[in-house]
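Following: one structure in structure tokens, then a few remarks.
The values are calculated or read from the model by the stated rules, or taken from the named source; none is laboratory data. Keep in mind the model is a prediction, meaning the values are calculated, not measured. Quick reminder, even Gly has a Cβ in these numbers, built from the backbone with ideal geometry, and neighbours come from all protein chains shown. Side chains are part of the model used for accessible areas, which takes the heavy atoms of the whole protein and leaves out ligands, DNA and RNA. Shrake-Rupley method; radii C 1.70, N 1.55, O 1.52, S 1.80 Å.
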Amino acid sequence: MKREAGDGQMDQDLLASIIKRYEEATYRMHRRVNTLLRRCIGDEDITLDQYLVIRYLRMKGRSISSELADVFGVGKSSITAIMTRLSDKRLIERIPDVKDRRVIYLSLTEAGRKLAEMIDDRIRERLSTVMNQFSREEALQFVGTCEKVAEVLADMEGRGRATI
């Protein structure tokens, strides 16, 4: 059943067309962004997944493995493997909670912070080149739209309407 224009809903054919364009665009964008990230990581002897965890810890300061598993949508065993590798490389440290020794906080070492900062600088430099292809208004609208999509998905997940 097609909806009437003006009732706040899109025509089903238009919606299907927009979804198809969205899927194709995000697939191409994510593939290229991942390539850009890997190039920015370069020869630093870490994987993209390890870098993403390092970046998250840099933003948050510290975390626990169950939070990381939730944020990245992976099992705790996957996070444990990443943490072990990063710990072996002396990029993160495990810090037991003072009140509950069962809780282990994960945070960056000085070497981990320096590595994250260096890679983040490379990424900002390359993304600046990309974003400078847009007008100020286009760039702000793009980021605003991405933020809105993230909020809608988070709201849906919180209400149990979607598994992301």
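Here 57, 127, 115, 140 are screened, and the one residue that is aliphatic (A, V, I, L, M), within 22 Å of residue 43 (Cβ to Cβ), part of a helix (DSSP H, G or I) and open to solvent by 50 Å² or more (accessible area, probe 1.4 Å) is 127. Contact map, region 61-78: first residue within 17 Å of residue 101 (Cβ to Cβ) and in contact (Cβ under 8 Å) with a residue 24 or more places away in the chain, second residue open to solvent by 70 Å² or more (accessible area, probe 1.4 Å) and of a type outside the set (Val, Ile, Thr), Cβ cut-off under 9 Å, separation 6 or more or different chains; pairs are 65/76. Condition check for residue 45 on (1) exposed (fewer than 14 other Cβ atoms within 10 Å of the Cβ); (2) at pLDDT below 90: one failure, at (2).
Could you tell me whether any residue of region 91-106 is free of Cβ contacts under 8 Å to residues at least 40 places away in the same chain and part of a helix (DSSP H, G or I)? For region 91-106, residues free of Cβ contacts under 8 Å to residues at least 40 places away in the same chain and part of a helix (DSSP H, G or I): absent.
Filtered by the rule that a residue be free of Cβ contacts under 8 Å to residues at least 40 places away in the same chain and either part of a loop (DSSP other than H, G, I, E, B) or at positive phi (or both), region 43-54 gives 43, 47. For beta carbons closer than 7 Å, sequence separation of 6+ or different chains, a first residue in region 16-37 that is free of Cβ contacts under 8 Å to residues at least 60 places away in the same chain and a second that is in a helix (DSSP H, G or I), the qualifying pairs are 34/48. The set of residues in region 60-88 being outside any helix (DSSP H, G or I) and farther than 22 Å from residue 113 by Cβ consists of 73, 74, 75.
In the set 28, 39, 90, only one residue is open to solvent by 30 Å² or more (accessible area, probe 1.4 Å), at pLDDT below 95 and among the basic types (Lys, Arg); that residue is 39.
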